[in-house]
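> Let me begin by handing over the structure; questions about it come next.
Quick note: the coordinates plus some simple rules give every number you see, no bench work behind them. In this text the structure is predicted, and so the values were computed from the model without any measurement. Reconstructed Cβ throughout: ideal geometry from the backbone, glycine too, with neighbour counts over all protein chains shown.
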Amino acid sequence: MTTFDDRERGEEARFAHDEEMAFRIQARRNRLLGEWAAEKMALSAAETDAYAKAVVQADFEEAGDEDVIRKLLGDLTSAHVDVSESEVRAALEAKQVAARRALMGEA
């Protein structure tokens, strides 16, 4: 094998690792965000777990974060929780940081 082939394999492996980490961070973030919203809705422990999983699943509807934000806003509004879109977006950013720190700590 040539040095070029070795370097190419290394780049491919690094790209795959980076993509996997990004996916794991986003899934962790969504779970944390679901737990945050569940706390605001005063859900039980079992309901919180189920809701957090539902938020993770909601992220697969379309690319980007809008599907998750739409779900949270709709659910929080239905539960008569007074929360703005900007609060949800701020929570999303905070949970992104928390998820990244948690996963980087595991690595």
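> Of Phe23, Phe15, Phe60, which is the most mobile in a GNM of the chain whose springs link Cα atoms less than 10 angstrom apart?
Phe15
> Label-point separation (nm) for Phe23 and Ala94, each offset 7 Å from Cα along Cα-to-Cβ?
3.0
> About its Cα centre, what dipole magnitude does the chain give when the only charges are +1 on Lys and Arg Cβ and -1 on Asp and Glu Cβ, stated in debye to the nearest 20?
Computed about the Cα centre, the dipole is about 380 debye.
> Farthest toward the dipole's positive end in the range 3-106, which of Gly10, Leu73, Ala94, given Cβ charges of +1 (Lys, Arg) and -1 (Asp, Glu) about the Cα centre?
The one lying farthest along the dipole's positive direction is Ala94.
> Quick check on packing: order 48-57, 26-35, 67-76 by the mean number of other C-beta atoms within 10 Å, highest mean leading.
26-35, 67-76, 48-57
> Could you work out, for the range 3-106, what percent of all Cα-Cα pairs fall into each 5 Å distance bin, beginning at 0 Å and stopping at the bin that holds the largest distance?
Answer for the range 3-106: a P(r) of 2, 13, 20, 22, 16, 9, 6, 5, 4, 2, 1, 1, 0 percent.
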